[in-house]
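First up is the structure itself, then whatever we jot down about it.
Taken together, the values in this text are just the output of simple stated rules run on the coordinates, not laboratory data. The structure displayed is predicted, hence computed values, not measured ones. For neighbour counting, all protein chains shown are included, and Cβ atoms are generated from backbone atoms with ideal geometry for every residue, glycine included.
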Amino acid sequence: MFIRALIFALGLLLGLSTNLNAGTRDPDTPDAKYLEFGQKFPSVLRLRAITDYIDPKTGEKQPTFQNGSAVVIKPNWALTAAHVVVDAVAHELINDEGEIYPLTFVIVPKEFKPERMGYYDVALCYSPKDFNLDFYTPLHEGPENLDDPITIAGYGLHGTFHTGYQFDDGKKRAGHNKIEGLERGILICKPTPGKTRMPLEYMISPGDSGGGMFIGNKLAGINSFLMASDQKPNGTYGDESAFTRVSLYADWVKSQIEKHELAFAGRGTTGAELDFDISSTGIKIVAVDLHLP
């Protein structure tokens, strides 16, 4: 059971820059090494979502930006965290060169509830614009084990394990850690002080949600949230990063992609029917049943 303070590692809202950098790091390792390593993950893109903010004083509706990350897994498909996208009215992915990929629909599990951190925090996103990558990240289908080495990448607030997340420069970073816990559908890691730490040891922070946690070259986790026993989940020593366990959703993801690509091929005349209007230019969020064993 979770008894720690929790915070979704999502993008920050309202009044902050839409460009977020990534994660907290080992204070004894130069930041430049994390920046350099981040460039080795072209499949990890920045996600920008537009939400309608209601000003509590005036009652007026204002568009605001929420930022997260996503991982491209097919020429037109990406995975992210459900909590980043469920309340948005528009989404787009942006690569490091600034190229924009609009998302026209998002599929989330019906079972996902924002207030229930650690459950069903995954979303499958479609862009009509081909991501055109040389390599598409395969899904890890398990098993995952304690002490498995992992790699983490995303766009979140940046700092060290001493300071917690603090800064914002809009650049992608990546680093390493290892699995130290598995509970209720999530994988967990934490920073390790002293000589036993991993090289380029790393934790997620706000803005990293939806980015990737990898085992080898496979996507094993979706960056989800931070936990802290000191009630201050800011990515310092003692905090824990939590990742949605991709292997639990791999069959669901593959079946949804197959279903919709069949429908695309026949434009609704062959294969399964579409869950959305293919001619629509706006975002469509579709909730689909997901029954885990």
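Brief remarks follow.
- Rel. contact order, % - alpha carbon contacts under 8 angstrom, at least six apart, segment 212-263: 29 percent
- Peptide packing: for 40-49, 84-93, 114-123, the average count of neighbouring Cβ atoms within 10 Å per residue gives the ranking 40-49, 84-93, 114-123, highest mean first.
- For segment 28-86, dividing the convex hull volume of the Cα atoms by the residue count gives 143 Å³ per residue.
- Relative contact order, whole percent, for segment 80-177 stands at 21, derived from Cα pairs under 8 Å and 6 or more residues apart.
- Solvent-free Debye scattering, log10 I(q)/I(0), computed from the Cα coordinates of segment 158-216 at q = 0.30 Å⁻¹: -1.50
- Residue pairs, from the table Lys110/Lys190; Lys33/Lys218; Lys40/Lys190; Lys195/Lys254, whose Cα atoms sit over 32 Å apart: Lys195/Lys254
- Pair Phe264, Tyr136: separation of 7 Å Cα→Cβ label points (nm): 0.8 nm
- Efficiency of FRET between Lys178 and Tyr119 - r from beta-carbon atoms, R0 22 angstrom, step 0.05: 0.40
- Per residue, the Cα convex hull of segment 97-154 amounts to 170 Å³.
- Rounded if a/c under 1.5, otherwise prolate or oblate - segment 159-258, Cα gyration tensor axes: prolate
- Cross-link partners for Lys61 among the aspartates and glutamates, with Cα-Cα distance under 19 Å and sequence neighbours closer than 8 places in the same chain left out: Asp52, Asp87.
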